[in-house]
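One structure is given here, and the rest of the page talks about it.
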Amino acid sequence: MSTQKQKEAVYTAIVNVLSESGVTVTEGTDVAPLLTKELRAQVSQILSEGFKNGTIELKKEFNKSNMKAYVSSVQSNWIRKDKRLNGNIIYVAKNPNSRAGSGDVTLKAMKNLLLTEETEEGRTEIQAYIDAHLVSLKTTKIKAKTKTVNFDVLPEALKAKFQK
């Protein structure tokens with residue numbers, strides 16, 4: 001059985017749902033203002049069924065509650081990104097590189113250390129190290145996911161000064 005790509009499935013579902021409600025959609029129409037809560041729910045139902053019966057590509061299995069959130073996010077994603085659905089606008093990320101460097105343990109440790117530091121002088125010094133490290137990684141700021149500091153991977157100067 002052949003599966004449909006998510007982008008195509010979202011496009012087809014939206015066009016079909018809007019057509020059934022009497023709205024003619026051509027490629028390049030901004031559909032966001034046309035989709036009411038009820039119409040989005042219909043699109044979500046179509047997508048959910050497609051994921052469930054395997055006609056739409058899905059690389060990861062979801063339980064019922066996670067699937068609802070996933071379907072909503074897939075729909076929103078393609079409404080923003082697909083030029084056929086967003087008014088023929090090239091999508092530009094609001095926060096480019098916001099996830100860049102998230103796998104770097106040194107950067108993560110420095111960010112966590114920054115969260116634990118109480119003095120302005122200490123925060124300034126740690127931030128300077130972070131900025132230098134980001135430049136070396138060619139990334140922008142990221143959020144630390146935990147507040148635990150792995151002092152083993154910090155530069156020696158930071159480790160000596162801030163390890164408690």
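Rule-based calculations on the coordinates, nothing more; no lab input. None of the values given here were measured: they were computed from a predicted structure. Counting neighbours? That spans all protein chains shown, and the Cβs are built from the backbone with ideal geometry, glycine included.
For D104, the amide hydrogen comes within under 5 Å of no other amide hydrogen, counting only partners 5 or more places away or on other chains and with H modelled in the peptide plane. Taking amide H as placed 1.01 Å from N in the peptide plane, L85 has its amide H under 5 Å from the amide H of G28, each at least 5 places away in sequence or on another chain. Between K159 and T55, the FRET efficiency estimated from the beta carbon spacing at R0 = 41 angstrom works out to 0.15. In the chain, the longest principal axis of the Cα atoms and the axis of helix 120-137 are about 60 degrees apart. Database remark: amide H of I56 closer than 5 angstrom to the amide H of Q4, F51 (H placed geometrically; neighbours at sequence offset of 5 or more, or on other chains; Pro and chain starts carry no H). A DSSP coil position with no more than 13 other Cβ atoms inside 10 Å describes the following chymotrypsin sites (Phe, Trp or Tyr not before Pro) in region 59-135: Y91.
Computed 3J(HN,Hα) for region 17-33, one whole-Hz value per residue from the Karplus formula 6.51 cos²θ - 1.76 cosθ + 1.60 where θ = phi - 60°, is 5, 5, 4, 5, 8, x, 9, 8, 10, 10, 4, x, 7, 7, 8, 3, x, glycine and proline marked x.
In a DSSP loop and with at most 11 other Cβ atoms within 10 Å, the trypsin sites (Lys or Arg not before Pro) in region 61-126 are K94. When semi-axes √(5λ) of the Cα gyration tensor in Å is computed from the coordinates, the matching label among [x] 81, 12, 8; [y] 43, 27, 14; [z] 46, 18, 13 is [z]. Taking Cα atoms only, the orientation of helix 37-53 departs from the longest principal axis of the chain by about 90 degrees.
Basic side chains Lys and Arg get +1 at the Cβ, acidic Asp and Glu get -1 at the Cβ, and with that the dipole of region 6-81 about its Cα centre reaches some 380 debye. The charge dipole of the chain, taken about its Cα centre with unit charges on the Cβ atoms of Lys, Arg (+1), Asp and Glu (-1) only, comes to about 220 debye. Counted residue by residue at 0.36 nm each, then reduced by the alpha carbon distance between them, the extension gain from A128 to D152 reaches 6.7 nm.
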